[in-house]
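Asker: This is the structure, below, for whatever I ask next.
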Amino acid sequence: MAYVITQRCCNDASCVSECPVDCIRPTPDQPEFATTEMLYIDPDTCIDCGACVDACPVEAIFSEDDLTASLARYRDINAAYFERHPLESNFDPIVTPARPPKELGTLRVAIVGAGPAACYAADELLRRADVQVEMFDRLPTPWGLVRAGVAPDHPGTKTVSNLFESAFRRETLQFYLNVEVGTHISHDELLAYHHAVVYAVGAATDRHLGVPGEDLSGSHSATEFVAWYNGHPDYADRQFDLSGERAVIVGNGNVALDVARVLTVDPEELAKTDIADYALDALRGSNIREVVVLGRRGPLQAAYTSPEFLALTHLKGIDIVVDEAELVLDPGSQALLDDPNVEPSLRLKYTLAEEYAAGSRDRANKRIVFRYLASPTALTGTDHVETVEFVHNELVSDNGQLVARATDRTDSLAAALVLRSIGYRGEPVGELPFDERRGVVPNEHGRVLGADGVPVPGVYVSGWIKRGPRGVIGSNRIDSEETVEQLIADFTTGKLGAPQGDRAALKALLGERQSDLVDREGWKAIDQAEKAAGRSAGRPRVKFTTREDLLKAARG
Ligand code: NAP
């Protein structure tokens, strides 16, 4: 019997070093790790010890005997990876990372942001050094996209917050929530109170299509919709028109799939989750019966991952629709698929699309329709979106990539709700240098680089503001470890200035400037109140969705 990694895998690779027979791949030091959709266990080598199960922060690993029907296919998915990448194990000894010498004293670090990248960076610092970490977030709640981004019907993914709760239970880490860097404290002040500042602020905004009509009412970014249904206090008052029968989502990444599911699954299923109450009410009154997901390239280039695409198979009362004609591949894509060394995950993406195309349909069901090779050219309507005009694309080779090029064939779809799901985008961080094209702070392995290309002493980045908005939650672990490695090396070699003020002085300063500061006790009070409300309703939690309610709970 072997263990099997399944859909929920967060790629944080905590399991890899725990495996006594080194049978989990790819490992963080392999080139495939950067692009893999998930990690896999070699069934022929696994000794069934279960060490990986205990290490997994999102409960993604099961004994093959315990796989539910919806996860059964992962037995073959794990095995297929090793047919393509036979296990070569060399049992390299695990090297314990160096700790700074004791005589340097306590390392003091400010981390701006409290999402996964910030938390993984803090966790790594706490393991690696005699350290005091102060974590800042402008919201009264921690965990960033784990709370405000992960879809409510993916509760397992949110269990990563338990890992952070347990790592941060000691006073070595202090929360400064509802505190905005740039308003309540400046970057220079932060730097003066610490050896180093790590910005892990994510990618706070979204990208635009740049087509006429994009600003009509009824047209929104998917990131707005996601923040709304997740109860983010800055988005709680948004309105989305759910009165029409069809919604169109532009872009086909995992966010598009999250949004398509939330718009189509039975609201009574969502009622068991931590979705915001107002969103649940709105979805109960929704008339939407069809969601069309428009991808600008073909089925092999779709940005969704195969585990998320596969999971759609198991949605109740929803047909997943693909038109067989759109699966006819261009020569470049066909060559990729015919390559005997094709990645199993890419082949699976195509096989699933074929299965959806051949699947049976029930007229009583709602539908998620995947269209490929289509780009919107305009959104039209009098005061509100009524139609999405689009053009059919063909794929052409450009610098080794297959990119979309418009043909002269056009089409249109009636829709009252259009959500562009074409990626998040980082915003400038105070006065730090900023790469406008990529939406990231220029850096070298996490060390922020000045305009002259030289590292700015004591300033670091981690997560999406460092590498751009890609990768799943656990991808931030390896990313943050890299940043912390540089920070500790700089501390050890005396490149960081000594702090001018201590913890008590910082606390006093912030207490004066932000009377509504939420600390660990405040967050605990919010958390307990939300969970208590959830218990009586049979839900994981009922979220407070306004700052006023969050602050009241924090005080109470
Ligand atoms: P994404 O994966 O980067 O997908 C963006 C999509 O937008 C792609 O289909 C892209 O097409 C398309 N696009 C970009 N510009 C466009 C344009 N001008 N016109 C039409 N289409 C355009 O972004 P995402 O869905 O926001 O996800 C961000 C990251 O979070 C990803 O790494 C994702 O896997 C992760 N995430 C994971 C989960 C999960 O594991 N459940 C859930 C949510 C998000 P091209 O490919 O042609 O550029």
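Every number here is computed from the coordinates shown, using simple stated rules; none is lab data. Values in this document were obtained by computation on a predicted structure and should not be read as measured data. Cβ: placed from backbone, ideal geometry, glycine included. Neighbour counts: every protein chain shown.
Asker: Among Ala222, Ile318, Ala260, whose Cα sits farthest toward the positive end of the charge dipole of region 208-422 (+1 at Cβ of Lys/Arg, -1 at Cβ of Asp/Glu, about the Cα centre)?
Answerer: Ile318
Asker: Any idea which of Pro540, Pro86, Val342 is furthest toward the positive side of the dipole for the chain, if Lys and Arg beta-carbons carry +1 and Asp and Glu beta-carbons -1?
Answerer: Most positive-ward Cα: Pro540.
Asker: Once you put a point 7 Å from the Cα of Ala489 and another 7 Å from the Cα of Ser63, both along the Cβ direction, what distance in nm separates them?
Answerer: Distance between the two pseudo-spin positions: 4.4 nm.
Asker: Follow-up question, since we're still on this one. Determine which residues of region 239-262 fall in the zone a paramagnetic label at Val403 would reach in this model, i.e. backbone nitrogen under 19 Å from the point 7 Å along Cα→Cβ.
Answerer: It comes to 251-252, nothing else.
Asker: List the residues, sorted by chain then number, that are 5 or more residues from Asn393 or on another chain and whose placed amide H is less than 5 Å from its amide H.
Answerer: Ala374, Ser375, Thr407
Asker: Any lysines with Cα under 22 Å of the Lys524 Cα? List them, leaving off those in the same chain fewer than 8 positions away.
Answerer: Lys158, Lys507, Lys543, Lys552
Asker: Okay, moving on. Enumerate the calculated ³J(HN,Hα) couplings along region 136-147 in order (Karplus 6.51 cos²θ - 1.76 cosθ + 1.60, θ = phi - 60°), each rounded to whole Hz, writing x wherever the residue is Gly or Pro.
Answerer: Those phi angles translate into 10, 8, 6, 8, x, 10, x, 5, x, 5, 5, 8 Hz.
Asker: How much length would be gained if the chain were fully extended between Gln30 and Asp549, taking 0.36 nm per residue of separation minus their Cα-Cα distance, in nm to one decimal? The partial results should precede the final answer.
Answerer: Details: separation 519, 0.36 × 519 = 186.84 nm, distance 4.64 nm.
Full extension of this stretch gives 182.2 nm more.
Asker: Treat every Asp and Glu Cβ in region 3-84 as -1 and every Lys and Arg Cβ as +1, leave all other atoms uncharged, and give the resulting dipole magnitude about the Cα centre to the nearest 20 debye.
Answerer: 240
Asker: Quote the FRET efficiency, to the nearest 0.05, computed for Glu427 versus Leu216 with a Förster distance R0 of 30 Å and r equal to the Cβ-Cβ distance.
Answerer: On the way: r = 24 Å, r/R0 = 0.81.
So the FRET efficiency works out to roughly 0.80.
Asker: Give, as ranges by residue number, the residues of region 184-219 whose backbone N falls under 16 Å from the point 7 Å along Cα→Cβ of Asp502.
Answerer: 193-195
Asker: Give the percent of DSSP beta bridges with both residues in region 208-422 that are antiparallel, rounded to the nearest 5.
Answerer: 45
Asker: Take each of the peptides 7-19, 428-440, average the number of other beta-carbon atoms within 10 Å over its residues, and list them starting from the highest. Mind showing how you got there, number by number?
Answerer: Numbers: 7-19: 21.2, 428-440: 15.0.
Highest to lowest by the protection proxy: 7-19, 428-440.
Asker: Could you calculate the FRET efficiency of Asp130 with Asp188 from 1/(1 + (r/R0)^6), where r is the beta carbon distance between them and R0 is 22 Å, rounded to 0.05?
Answerer: It comes to 0.30.
Asker: In addition: Quick check on packing: order 213-223, 465-475, 30-40, 99-109 by the mean number of other C-beta atoms within 10 Å, highest mean leading.
Answerer: 465-475, 213-223, 30-40, 99-109
Asker: In deg cm²/dmol and to the nearest 500, what is the mean residue ellipticity at 222 nm of the chain if only DSSP H runs of at least 4 residues count, each as -39500 (n - 2.57), divided by the residue total?
Answerer: On the way: 20 runs with 178 residues, N = 556.
Mean residue ellipticity at 222 nm (helix-derived): -9000 deg cm²/dmol.
Asker: Moving on. What length, rounded to one decimal in nm, is gained on full extension from Val454 through to Arg170, with 0.36 nm per residue of separation minus their alpha-carbon distance?
Answerer: The Val454-Arg170 span can extend by a further 98.7 nm.
Asker: Further question on the same structure: Considering the Cα trace of region 354-469, what is its radius of gyration and what is Dmax, both in angstroms?
Answerer: Taking only Cα atoms of region 354-469, I get Rg and Dmax of 21.2, 62 Å.
Asker: Evaluate the distance, in nm, between pseudo-label points positioned 7 Å from the Cα of Asp277 and of Thr106 along their respective Cα→Cβ axes.
Answerer: 4.2
Asker: Rounded if a/c is under 1.5, else prolate if a/b beats b/c, else oblate: with a ≥ b ≥ c from the C-alpha gyration tensor eigenvalues square-rooted, which is region 3-84?
Answerer: Rounded is the answer for region 3-84, as its axis ratio a/c remains below 1.5.
Asker: Same structure again: Nearest 20 debye, what's the magnitude of the dipole of the chain about its Cα centre given +1 on Lys and Arg Cβ and -1 on Asp and Glu Cβ?
Answerer: 1080
Asker: Right, something else. Could you pull out every residue, at least 5 positions away or on a different chain, whose amide H is within less than 5 Å of the one on Asp137? Hs are placed 1.01 Å off N in the peptide plane, and Pro or chain starts have none.
Answerer: Answer set, sorted by chain and number: Gly113, Tyr176, Leu177, Asn178, Val179.
Asker: Taking θ as phi - 60°, what are the ³J(HN,Hα) couplings along region 383-400 by the Karplus curve (6.51, -1.76, 1.60), each to the nearest whole Hz, with x for Gly and Pro?
Answerer: With the stated coefficients, region 383-400 comes to 10, 9, 4, 10, 9, 9, 8, 9, 10, 7, 10, 10, 9, 10, 7, 9, 6, x Hz.
Asker: Using the beta-carbon distance between Ser70 and Asn341 and R0 = 41 Å, what value does 1/(1 + (r/R0)^6) give for FRET efficiency, to the nearest 0.05?
Answerer: Result of the calculation: an efficiency of 0.90.
Asker: Here's a follow-up. Sort by residue number and name the cysteines in the chain that have no neighbouring cysteine Cβ under 4.7 Å.
Answerer: Among the cysteines of the chain, those whose Cβ sits 4.7 Å or more from every other are Cys9, Cys10, Cys19, Cys23, Cys46, Cys49, Cys56, Cys119.
Asker: Dipole magnitude of region 110-166 about its Cα centre, charges +1 at Lys/Arg Cβ and -1 at Asp/Glu Cβ only, in debye to the nearest 20?
Answerer: With only Lys, Arg, Asp and Glu charged at Cβ, the dipole is about 100 debye.
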